[in-house]
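**Student:** Quick one: the structure is below, questions incoming.
The values are calculated or read from the model by the stated rules, or taken from the named source; none is laboratory data. Everything quoted here is computed from the prediction, not taken from an experiment. Methodologically, a virtual Cβ is constructed for each residue, glycine included, from the backbone with ideal geometry; neighbour enumeration extends over all protein chains shown. In case anyone asks, the SASA skips ligands and DNA or RNA and just uses the protein heavy atoms, side chains included. Shrake-Rupley method; radii C 1.70, N 1.55, O 1.52, S 1.80 Å.
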Amino acid sequence: MVTKLVVENLKHRPLRTLLTVLAIGLQVTLVLTIVGLSRGLIEASQTRTRGVGADILIRPPGTAVIGMSGAPMSEKFVPFIEKQPHVALAQGIVVHGIGGLESITGIDIDRFDKMSGGLDYRRGGPFKSPDDILIDENFAQQRKLKVGDTVELANHNWTVRGIVGPGKLSKAFVEKKILQDLTSNNDKITMIYVKVDDPRNLGAALANLKKVLPDYQIYSMDEFLSLITPDNVPGLNAFIMTVVGLAVVFGFLVVFLAMYTAVLERTREIGILKALGASPGYIIGMLMRETFILALIGCILGIGLSYVARWAIISLVPASLPVISVPDWWWRAGPISLSGAMLGAIYPGTKAARQDTIEALAYE
Amino acid sequence: MSDTIISARELRKTYHVGDVDVHALRGVDLDVRRGEFLAIVGHSGSGKSTLFNVIGGLTPPTAGHITIDGKDLRQMSESDRTDLRKQSIGFVFQKYNLLPTLTAHDNIALARSMVGKSLHLDQDQQFQEVLTLLGIAHRLHHKPRALSGGEQQRVAIARAVVNQPAILLADEPTGNLDTENSERVLTLLRDLNERLGQTIIMITHNPEAAAFGHRTARMKDGSILSAATPH
């Protein structure tokens, strides 16, 4: 009977019910989208790194695992490394940030093709002139670019020469020499990818490189990929926790306000229930049950909305924000929102339970 | 089982309104017999509603003694008084006080669920007869806003008696009704009193309504003015 009373109460004020559910749903969506986004960025980064086809990565000392740009290494390292035992091929690349999480990458196309197996051209083809740029499909979709268009990046006008499939090193490629000139990094590179002559020689090649370049960060690709995690992205976990915290506070405030208003509005009804013999526990239980139903529907709605948000983000900015769905976080975002909502209902529930029956019955 | 179901001696109730003490009951002595239909009359501010609230366990007395069905109300905790309302007392209010979100059926079933009884009113033959007597059996699936004042009050009476409480307290039950509906409700209360043997205490300011009871007690300035007089 209490459940029926709760459901009828929720139906009695459909707009307030809808807004409360929507507010709880949006906080669930927010948490799921932020987590999906952070994971999507990590996954995309892993996929692109794996797509290079290298076995070893060499980076300058003291650089972050993710988000590195600039060119602090001398290009002379590349021939030196190629002379080392078991090294079949080495290529230096230049990464230049163009704002936000975006960057363009300078490559030696012949070496890149040899190491990665070549770019997957969907439209157009490889570089023909120094100002050519190759972009992946997501980048092209986001910026509405097609082959032959001009795009300004890093204060330079580039001509889109080819559109390639995503998942290999970068979203935008230019010739390394041109990017070095443009960024005043002549003969400098950001990092070096190395291919060994035989996978069985990876350990030996790795050991030798660490020996000849003792101060450099040298990883096997498996090791490097395992480092691309939220823990290694400066501030990412703190950011996610902040968003989760804000979601809890938001849920708390929304439910607090909704239930507080409901209690005020239902003062007389609470008085009637108490006159009929409802205990304080009955009243609190009723309001908690109401909150639980609101939060549960809100959570389900929030999960649904997270897919809508994902679709919208992927449609609008597929290159910048590769958000993925995170079903394993449903069981975290749900209880988090539920906790915030239940906390928000405690004070209004207690206030209702403590209401003087006679005053409540006289309430107009 | 004692013949007296309610016994009050030197019953006092004082409300603190800001810095002022309002003595709503100033030493009420009252005995109500089991199965009696007692009308309490008095002008506004005479203390009759406060007496209603104290007898109903809605508020504790400040001083004096009162026993309801043998239980000392002054010794009762808030929780005990909640149980008393649930088990032994049915309320009928002037403004009906039905829950607007529930149908008439569910308003009655809610009171039943409070004491853990089955929600299926149709399985209770005796209660079906009460519903027929009240003339609301065909209106049970309507919400209060779809019912007339008289119908709402009859639903409220049904809710008050559904658990067969020992005492039915009615506070100005005809205060919001026209003459025809008032008479119908009062007749029903008397019929229920006769059929179910329930003790009824009815607060009213209307002498004609009071005449439906077995006897009338008059209140003034927080006291029973005259000994209850039989009709």
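**Student:** Does the range A:4-14 include one or more residues that are open to solvent by less than 20 Å² (accessible area, probe 1.4 Å) and more than 14 Å from chain B (Cβ to nearest Cβ)?
**Tutor:** no
**Student:** Within the range B:218-230, is there a residue that is surrounded by fewer than 24 Cβ atoms within 10 Å (Cβ to Cβ) and in contact with a Phe, Trp or Tyr (Cβ under 8 Å, 6 or more places away or on another chain)?
**Tutor:** No, the conditions are met nowhere in the range B:218-230.
For (1) open to solvent by less than 40 Å² (accessible area, probe 1.4 Å); (2) more than 13 Å from chain A (Cβ to nearest Cβ); (3) closer than 24 Å to residue B:191 by Cβ, each residue gets a yes or a no:
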residue	(1), (2), (3)
B:107	yes, no, yes
B:114	yes, no, no
B:125	no, yes, yes
B:131	yes, yes, yes
B:136	yes, yes, yes
B:140	yes, yes, yes
B:143	no, no, no
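**Student:** Continuing with this model, one more query. Taking the range A:330-364 as the search range and keeping residues that are open to solvent by 60 Å² or more (accessible area, probe 1.4 Å) and within 14 Å of chain B (Cβ to nearest Cβ), which one is nearest to the chain's Cα centre (by Cα)?
**Tutor:** Residue satisfying both the conditions and the ranking: A:354.
**Student:** Here's a check for you: in the range B:89-98, which residue that is among the hydrophobic types (A, V, I, L, M, F, W, C) and within 10 Å of the chain's Cα centre (by Cα) is nearest to the other protein chains (Cβ to nearest Cβ)?
**Tutor:** Going residue by residue through the range B:89-98, those that are among the hydrophobic types (A, V, I, L, M, F, W, C) are B:89, B:91-93, B:98.
In the following step, the residues that additionally are within 10 Å of the chain's Cα centre (by Cα) were identified as B:89, B:91-93.
On the way: B:89: 8, B:91: 5, B:92: 11, B:93: 7 Å.
This residue is B:91.
**Student:** Between residues in the range A:25-43 that are of a type outside the set (Gly, Ala, Ser) and residues that are open to solvent by 20 Å² or more (accessible area, probe 1.4 Å), which pairs lie under 6 Å by C-beta distance while being six or more apart or on different chains?
**Tutor:** Every condition considered, the pairs that remain are A:27/A:250; A:29/A:305; A:29/A:309; A:32/A:329; A:33/A:309; A:35/A:329; A:37/A:321; A:39/A:324.
**Student:** Is it true that residue B:164 is on the phi < 0 side of the Ramachandran plot and more than 8 Å from chain A (Cβ to nearest Cβ)?
**Tutor:** Numbers: on the phi < 0 side of the Ramachandran plot: no; more than 8 Å from chain A (Cβ to nearest Cβ): yes.
So residue B:164 fails the test.
**Student:** Then there is this: Looking at (1) open to solvent by 30 Å² or more (accessible area, probe 1.4 Å); (2) away from chain B (no Cβ under 14 Å); (3) on the phi < 0 side of the Ramachandran plot; (4) at pLDDT below 90, can you tell me which one residue A:265 breaks?
**Tutor:** Residue A:265 satisfies every listed condition except (2).
**Student:** What's the number of the only condition in (1) in contact with a Lys or Arg (Cβ under 8 Å, 6 or more places away or on another chain); (2) over 28 Å from residue A:81 (Cβ atoms); (3) not β-branched (Val, Ile, Thr) that residue A:115 fails to meet?
**Tutor:** Checking residue A:115 against (1) in contact with a Lys or Arg (Cβ under 8 Å, 6 or more places away or on another chain); (2) over 28 Å from residue A:81 (Cβ atoms); (3) not β-branched (Val, Ile, Thr), the one that fails is (2).
**Student:** Could you please let me know if residue B:99 is closer than 26 Å to residue B:55 by Cβ and touching a residue at least 12 places away in the same chain (Cβ under 8 Å)?
**Tutor:** yes
**Student:** Quick one: which strands (runs of 3 or more DSSP E) sit completely within the range A:93-154 and have at least 1 residues that are exposed (fewer than 14 other Cβ atoms within 10 Å of the Cβ)? Quick ask: steps written out before the conclusion?
**Tutor:** Details: elements: A:102-107, A:121-124, A:132-136, A:150-153.
Hits in the range A:93-154: A:150-153.
**Student:** Hey, among the residues in the range A:274-291 that are closer than 27 Å to residue A:339 by Cα and among the hydrophobic types (A, V, I, L, M, F, W, C), which one's nearest to the other protein chains (Cβ to nearest Cβ)?
**Tutor:** A:278
**Student:** Counting residues that are of a type outside the set (A, V, I, L, M), which strands (runs of 3 or more DSSP E) fully inside the range B:148-222 reach at least 3? Working first, answer last.
**Tutor:** Values: elements: B:167-171, B:199-204, B:215-220.
Hits in the range B:148-222: B:215-220.
**Student:** Do the conditions hold for residue A:87, that is, is it within 14 Å of chain B (Cβ to nearest Cβ) and at negative phi?
**Tutor:** Values: within 14 Å of chain B (Cβ to nearest Cβ): no; at negative phi: yes.
So residue A:87 fails the test.
**Student:** For the range A:15-55, name all the residues that are away from chain B (no Cβ under 14 Å) and of a type in the set (S, T, N, Q).
**Tutor:** Residues satisfying the conditions are A:20, A:27, A:29, A:33, A:38, A:45, A:46, A:47, A:49.
**Student:** Right, another one. Restricting to the range B:89-103, name every residue that is open to solvent by less than 30 Å² (accessible area, probe 1.4 Å) and part of a loop (DSSP other than H, G, I, E, B).
**Tutor:** B:93, B:96, B:97, B:98, B:99, B:101, B:102, B:103
**Student:** What about residue A:334, is it farther than 30 Å from residue A:139 by Cβ, touching a Leu at 6+ places or on another chain (Cβ under 9 Å) and part of a loop (DSSP other than H, G, I, E, B)?
**Tutor:** no
**Student:** So, in the range B:58-88, of the ones that are facing chain A (nearest Cβ under 9 Å) and not polar (S, T, N, Q), which residue ends up surrounded by the fewest Cβ atoms within 10 Å (Cβ to Cβ)?
**Tutor:** This residue is B:78.
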